[in-house]
Number of protein chains: 2
Amino acid sequence: MRDVFIIGVGQTPVGEHWDLGLRELGASAIDAALKDAGVESVDALYVGNMLSGSVNGQENLATLLADAAGLLPAEAFKIEAACASGGAAVRAAALAVAAGAHDVAVAVGIEKMTDGLASTVSAGLATASDQDYEASHGFSFVALSALMMRRYMHEHGRSREEFAPFAVNAHQNAVGNENAMFREPISTEDFGRSPIVASPIGVLDAAPVCDGAAAVVVCSRERLGADHEAVRIAASAAATDTIALGPRGDILTLESARHSAQRCFAATGFKPEQMDLFEAHDAFTIITALSLEACGFAPRGEALRMAENGCIASGGCIPLSTAGGLKARGHPVGASGTYQIVEASLQLRGRAGANQLAKAGRALTQSVGGHGSIAVSHILEA
Amino acid sequence: MRDVFIIGVGQTPVGEHWDLGLRELGASAIDAALKDAGVESVDALYVGNMLSGSVNGQENLATLLADAAGLLPAEAFKIEAACASGGAAVRAAALAVAAGAHDVAVAVGIEKMTDGLASTVSAGLATASDQDYEASHGFSFVALSALMMRRYMHEHGRSREEFAPFAVNAHQNAVGNENAMFREPISTEDFGRSPIVASPIGVLDAAPVCDGAAAVVVCSRERLGADHEAVRIAASAAATDTIALGPRGDILTLESARHSAQRCFAATGFKPEQMDLFEAHDAFTIITALSLEACGFAPRGEALRMAENGCIASGGCIPLSTAGGLKARGHPVGASGTYQIVEASLQLRGRAGANQLAKAGRALTQSVGGHGSIAVSHILEA
């Protein structure tokens, strides 16, 4: 496989973009990434998105964005992998360059959720679960996550309040990220008081519905320029698990997250403790905990203790989602995986502004879809 | 790039599968392709599909099918490129193997359209056009195609009846295909009498709404076995054009089809006249005509004359859609591009049964989406 490098990143602020459609949001992120990379055109565009068909009435989205961003007649496909779509799009771009089919490609993750009624968006998100055996029986996405959290609390003897450090840390990190949706710090008390959405999940356990787009330009070694602040994609892997929770032997092990992270560690020879940051899929605090355990950062049942000890803070042993994560930067579902890679790239380039870590040489990013039924992991290296 | 070979194909009959869901249809085609290839597992699954989110209420479809087909924890993504999704999924699988990321991968194209109300399916298909500037103003997919056909008739001085040979040929070819939806031959008179859907397009110009799944197993040269009846993917390319018809300089040139075919011809050194068959995207007779012209099989405005002369029949100069095409085999939209590659592979292996061509050494397949806004072409070689 040819080596693949990230040479440009771009993003829109995450929030409620009532004045922008899919084409404006997408083109804005793509334009920013191309400008950052110093390239005017690319050979291909891969779009990570989940809900454009059901919420926005727009499929053929990759062509729409290729058109809007002035990239015609470049190859353009949409990649859908539920909430992991943004990570999958970057992987598709990396594979196309690794194959030698293209020299420069751009991946954009995009979601515009505020266009839809709340019921439409909730129904759309539930299509990441099993329609026949879960969604059609009334399970929302948050309800399924609540089952996992309840089981975790039961099995490990934890209270819902003990999940607070994940949300507090995410909001703290978002303060310094001008593209984040929620830049207000929250306290442990705020977390405890937050209204319940689906018991035991409260508002402050959960990432918000929002709009956003983030883009990454990748290229081959041959196309690397002297001016590029390049980040190498040291490893990339995806893995799956059962789409429904019911058939899993153990709903507290995210097998897809474990497999995809292990493949990245095996491909590079790195171990979890050699990562300087972890962009985790913190859609719900329970998913953050399970991701830390699945990737080998914490033993089973120990993620909450790790968070309590400050290990996930920016000065800690494994800084988590340093730009605010899905929880506080916001979670435009099909875009979040790309935001993670943009944010990790900025850290590795020393361009993370107020959130810059003292040491940022290697990052693990992990985009998880459908309650761990799909996960896409990347190890990036400065 | 590593060479990539097709070593197994599978398909379900195309039709109205009221008794099968997405998981049963998809797993059936995947199982058949794996059995044909003599492999029990694959490294990755790429699913071509357009409407599962809006019509079936099921995103995360690739995970669902990986689960249903017993492929966990393999990588699994859905690829959406409107009606070209099935071709795009095969290209994604080929790129992953070419890159060296995987040695054996399977692509499945799948669509289940009979689940939806007719209005839901029509609205879903219209999402392949520009929602803001076309679909939301009432343009259906067939209405946009009708504009193209009307312009063709005007510019080249043709009547709607003169498009008959494409439909007659497709139905004739479907007679020998046991997986085709419409196996009844039709006459030129039948075509002329067929009710108008959106003038000048009649029922017999148009491919039907239906269900189906087709799958292709690809592998690297290292994994080729002595028993494999392998077909080489000699070239693969995708290209885009404006999503809306309005901004095009000339709506009678399918630029995406032209670019993607030219790239395949340039990559292999072959010329159109060296192809033994052409699996064309005959969703409407006008698209067949424009595809023949875009790919260099006919000069501009000459495709109808070519069809009249019998050139597109199985004994002709460029046999067209020898298993019935989208028109008569049926057009489960996101699956059709994969069916084309399955059918061309069977011809190249000499396994096309009643439809077998005397000479079938090379084939061009072309999957077109959204009125030519996206096209995916492959050249296959025995």
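How many partner chain Cβ atoms sit within 10 Å of a residue's Cβ in peptide A:252-261, on average, as a whole number? It would help to have the intermediate numbers written out before the result.
Numbers: counts 0, 0, 0, 2, 5, 0, 1, 4, 2, 0.
That works out to 1 on average.
Check each of the GluC sites (Glu not before Pro) in the stretch B:1-70 and keep only those in coil by DSSP with at most 12 other C-beta atoms within 10 angstrom; list them in order.
Details: sites: B:16, B:24, B:40, B:59; in loops: B:16, B:40, B:59.
Passing both the DSSP loop test and the Cβ count: B:40.
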Open item on the list: Using a label point 7 Å beyond Cα on the Cα-Cβ vector, give me the inter-copy distances for residue A:24 in nanometres, one decimal, shortest first.
Closed with: 4.7
TODO: Can you check what the net charge comes to around residue B:155, using other residues whose Cβ is under 13 Å from the Cβ of residue B:155 (Lys, Arg +1; Asp, Glu -1)?
DONE: +1
Task: Estimated D of the stretch A:229-289 in µm² per second, where Rh is the Kirkwood radius over Cα pairs and Stokes-Einstein applies at 4 °C, 1.567 mPa s - done: 97 µm²/s
- [ ] List the equivalent ellipsoid semi-axes of the stretch B:320-382 in whole Å, largest first, each obtained as the square root of 5λ for an eigenvalue λ of the Cα gyration tensor.
- [x] 21, 13, 8
Task: Rg to Rh, two decimals, where the stretch A:179-330 supplies the alpha carbon set and Rh follows Kirkwood - done: 0.99
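Sorting B:341, B:243 on the 10 Å Cβ count, fewest up front, what's the list?
On the way: B:341 31, B:243 34.
Ordered by Cβ neighbours within 10 Å, fewest first: B:341, B:243.
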Task: Charge sum, other residues only, whose C-beta stays under 12 Å from residue A:174's C-beta, Lys/Arg counted +1 and Asp/Glu -1 - done: -1
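Beyond 18 Å, what percent of the Cα pairs of the stretch A:143-249 remain? Numbers along the way, then the final one.
On the way: 3820 of 5671 pairs.
Of the Cα pairs, 67 percent sit more than 18 Å apart.
Nearest 5 percent is fine: what portion of the DSSP beta bridges confined to chain B is antiparallel?
Among the beta bridges of chain B, antiparallel pairing accounts for roughly 70 percent.
Please work out whether the stretch A:261-382 counts as rounded, prolate or oblate from its C-alpha gyration tensor, where a ≥ b ≥ c are the square roots of the eigenvalues and a/c under 1.5 means rounded, while otherwise a/b larger than b/c means prolate and anything else oblate?
Details: a/c = 1.18, a/b = 1.10, b/c = 1.07.
Rounded, since a/c falls under 1.5.
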Open item on the list: Placing unit charges on C-beta atoms (Lys and Arg positive, Asp and Glu negative, everything else neutral), compute the dipole magnitude of the stretch A:148-305 about its Cα centre in debye, rounded to 20.
Closed with: 480 debye
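Run the numbers for residue A:189 and residue A:351: contour at 0.36 nm per residue of separation, minus the present Cα-Cα distance, in nm.
On the way: separation 162, 0.36 × 162 = 58.32 nm, distance 3.29 nm.
Result: 55.0 nm gained on full extension.
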Open item on the list: How would A:317, A:295 line up from fewest to most surrounding beta-carbon atoms within 10 angstrom?
Closed with: A:317, A:295
Open item on the list: Suppose only helical runs count, i.e. DSSP H with n ≥ 4. What mean residue ellipticity at 222 nm does that imply for the protein assembly as shown under -39500 (n - 2.57) per run, divided by all residues and rounded to the nearest 500 deg cm²/dmol?
Closed with: -10500 deg cm²/dmol
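If we count trypsin sites (Lys or Arg not before Pro) as exposed when they sit in a DSSP loop and have at most 14 other beta carbons within 10 Å, what is the longest stretch of chain B that avoids them all?
Numbers: sites that count: B:300, B:351, B:359.
Looking at chain B, B:1-299 is the longest stretch - no exposed trypsin sites (Lys or Arg not before Pro) with at most 14 other Cβ atoms within 10 Å.
Which of B:35/B:271; B:112/B:327; B:35/B:327 have a Cα-Cα distance over 25 Å?
Numbers: B:35/B:271 34 Å; B:112/B:327 17 Å; B:35/B:327 28 Å.
From B:35/B:271; B:112/B:327; B:35/B:327, over 25 Å: B:35/B:271; B:35/B:327.
Of all the C-alpha pairs in chain B, what % are more than 26 Å from each other?
Roughly 45 percent, rounded to a whole number.
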Open item on the list: Using alpha carbons only, how many angstrom separate the centre of the stretch B:59-107 from the centre of the stretch B:196-268?
Closed with: 17 Å
TODO: Might you report the magnitude of the Cβ-based charge dipole of chain A about its Cα centre, with Lys and Arg at +1 and Asp and Glu at -1, to the nearest 20 debye?
DONE: 760 debye
Open item on the list: Whole-Hz ³J(HN,Hα) for each residue in the stretch A:373-382, computed from phi via Karplus 6.51 cos²θ - 1.76 cosθ + 1.60 with θ = phi - 60°, x for glycine and proline: what do you get?
Closed with: 6, 9, 9, 10, 10, 9, 10, 10, 9, 5
- [ ] Just grab the label-to-label distance for residue A:41 and residue A:359, each label 7 Å out from Cα along the Cβ direction, in nm (one decimal).
- [x] 4.5 nm
TODO: Sort A:373, A:367, B:54 so that the residue with the fewest other Cβ atoms within 10 Å of its own Cβ comes first and the one with the most comes last.
DONE: B:54, A:373, A:367
TODO: Please turn the phi angles of the stretch A:249-254 into ³J(HN,Hα) values with the Karplus equation 6.51 cos²θ - 1.76 cosθ + 1.60 (θ = phi - 60°), one per residue in order, whole Hz, x for glycine and proline.
DONE: x, 8, 6, 9, 10, 7
Task: 7 Å along Cα→Cβ, label-point gaps from residue A:175 to other copies, nm, shortest first - done: 7.9
Open item on the list: Just want the answer: with Cβ charges of +1 for Lys and Arg and -1 for Asp and Glu, which residue in B:6, B:72, B:32 is farthest toward the dipole's positive end in the protein assembly as shown?
Closed with: B:6
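Where does the protein assembly as shown land on Rg(C-alpha)/(2.2 N^0.38 Å)? Before the final figure, lay out each step's value.
Details: Rg = 25.1 Å, N = 764, 2.2 N^0.38 = 27.4 Å.
Cα-based Rg divided by the globular estimate yields 0.91.
Taking every residue in B:41-54, how many Cβ atoms of other protein chains lie within 10 Å of its Cβ, on average? Don't skip to the answer; put the middle values down first.
Values: counts 0, 0, 0, 4, 1, 2, 2, 1, 2, 4, 3, 5, 11, 9.
For peptide B:41-54, the averaged partner shielding equals 3.
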Open item on the list: Can you compute the label reach from residue B:300? Point 7 Å from Cα along the Cβ direction, backbone N cut-off under 14 Å, restricted to the stretch B:129-161.
Closed with: B:152, B:155-157
Open item on the list: For residue A:76, what residues show an amide H to amide H distance below 5 Å, using hydrogens built from the backbone and excluding near sequence neighbours?
Closed with: A:45
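Read-outs: derived from the displayed coordinates by stated rules, not from any lab. Worth saying up front: this structure is predicted, and the values here are computed from it rather than measured. Cβ: placed from backbone, ideal geometry, glycine included. Neighbour counts: every protein chain shown.
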